[in-house]
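Structure record follows, encoded as structure tokens.
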Amino acid sequence: MMPVELRELHVFLVLAEELHFGRTAARLTLTPSRVSQVTRTLERRMGGRLFERTSRTVALTPLGEHLLAELRPVYERLEAVLAGTAARAAAVGPLRIGVTMTSEGPALSRLVRAFQDRHPGCEVSLHEVDVWDPYRALRRHEVDVLVNWLAVEEDDLRAGPPISHHQRVLAVARDHALAGRASIALEDLGDQIVAHPPEPFPAALADAIFPPRTPSGRPIRRVPVSRSISEIIAQVALGRIVHPTGTGMTAFARDDIALIPIIDLQPLSLGLIWLRAREDTTIQALTELARTQQPLLIPWPGHEQGARGSSRGTDG
């Protein structure tokens, strides 16, 4: 058998998961034609077809299923060995933290200050990432760790620990029918219109922030918005939509917007997210420090002001 290159196996594993050349190419930052070329090369080395392709579908052949079952645990072990070796060789070095316009705040500032006090020689920089595509910067190695909401269902990412918990509120126009309410329940959103985040916003994150249904099963109508948080805020202020969000979102602290507590939604947890395959001593040092700090609890409007400690939330 001809020698197989590690990158060919990586492409095979991602394509076996996505079963779509375009999505595979996007994840690997390659072109679809390059993914196809690497796949054909691997098939020649294996001596048979690994995928059945049509104009509409991609599926594993029996040979591909066999290779996937045998290869995945070996490849994951190899990744762990390589990551562990690199971690042992590396000292705590420069740290690039990705944030979105909704995830930067006092909890992150507290963590960064504590980290720099403990590691004064480590240069920490903050980088704003796309709020609608928050994991892309991680996968492109543009940041080392991401601070974002801990609703993560991505095999290549690890989530936790939390650094803050944010009570759930509904942003509405000041003259909206709900604006005078002391609190609401999720069931009330069945009569409202909320924003629908644009692709490629992660599905698990969308359902956590923008619930698709009420507890009784009624669908919550979601309308598309452009790639702009500012548009959501403007539409809320005009009374055209309502927006379920979390406490501490300064963008919604406006005189023409009211924030109504949602009493039966779990708080949104903000925390650290990183690539499993790129965990190193610097990320380990940051996450270990975060675990020693009590997560901040950002209270509902009108409740006790200031951040309080909370034991809610665990490492994911």
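The values are calculated or read from the model by the stated rules, or taken from the named source; none is laboratory data. Being a predicted model, the structure only gives us computed values, none of them experimental. Glycine gets a Cβ as well: all are built from the backbone with ideal geometry, and neighbour counts include every protein chain shown.
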query: Is there a residue in the stretch 221-228 that is under 23 Å from the mean Cα position of the chain (by Cα), closer than 27 Å to THR292 by Cα and of a type in the set (Ser, Thr, Tyr)?
result: no
- prompt: Which one is surrounded by the fewest Cβ atoms within 10 Å (Cβ to Cβ) among residues in the stretch 196-209 that are at pLDDT 90 or above and outside any helix (DSSP H, G or I)?
  reply: PHE201
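A quick yes/no check of all residues on (1) under 18 Å from the mean Cα position of the chain (by Cα); (2) assigned to a loop (DSSP other than H, G, I, E, B); (3) at pLDDT 85 or above; (4) over 17 Å from THR245 (Cβ atoms):
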position	(1), (2), (3), (4)
LEU265	no, yes, yes, no
THR282	no, no, yes, yes
LEU297	no, no, yes, no
GLN305	no, yes, no, yes
GLY313	yes, yes, no, yes
GLY316	yes, yes, no, yes
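Could you pull out the residue among ALA173, ALA195, ALA177, ALA185 that is under 19 Å from THR102 (Cα atoms) and of a type outside the set (Val, Ile, Thr)?
Answer to the check: ALA195.
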task: Return the total of residues in the stretch 7-33 being free of Cβ contacts under 8 Å to residues at least 12 places away in the same chain, exposed (fewer than 15 other Cβ atoms within 10 Å of the Cβ) and not β-branched (Val, Ile, Thr).
output: 3
- prompt: Which one of these does SER55 not meet: (1) part of a helix (DSSP H, G or I); (2) exposed (fewer than 15 other Cβ atoms within 10 Å of the Cβ); (3) of a type in the set (S, T, N, Q)?
  reply: (1)
- prompt: What are the pairs, 6+ residues apart or on separate chains, where a residue within the stretch 152-170 that is assigned by TED's automatic domain parsing to the domain that holds THR102 and among the acidic types (Asp, Glu) has its Cβ under 9 Å from a residue that is in a loop (DSSP other than H, G, I, E, B) and buried (at least 20 other Cβ atoms within 10 Å of the Cβ)?
  reply: GLU153/PRO202; GLU154/TYR135; GLU154/PRO202; ASP156/TYR135
task: For the stretch 248-256, state whether one or more residues are in a helix (DSSP H, G or I), of a type outside the set (S, T, N, Q), outside the structural domain of PRO301 (by TED's automatic domain parsing) and under 30 Å from LEU138 (Cα atoms).
output: yes
- request: Check every one of the strands (runs of 3 or more DSSP E) wholly within the stretch 72-164 and list those with 3 or more residues that are of a type in the set (Lys, Arg) and at pLDDT below 95.
  value: none
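Out of ALA185, ALA173, ALA177, report the one residue that is touching a residue at least 40 places away in the same chain (Cβ under 8 Å) and farther than 25 Å from LEU270 by Cβ.
ALA173
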query: Can you find a residue in the stretch 230-242 that is free of Cβ contacts under 8 Å to residues at least 24 places away in the same chain, under 21 Å from PRO267 (Cα atoms) and not in a loop (DSSP other than H, G, I, E, B)?
result: no
- prompt: Residues VAL124, VAL81, VAL112: which one is within 28 Å of TRP274 (Cα to Cα) and surrounded by fewer than 13 Cβ atoms within 10 Å (Cβ to Cβ)?
  reply: VAL81
query: Is the stretch 276-287 home to any residue that is of a type outside the set (Lys, Arg), surrounded by 15 or more Cβ atoms within 10 Å (Cβ to Cβ) and not assigned by TED's automatic domain parsing to the domain that holds PRO134?
result: no
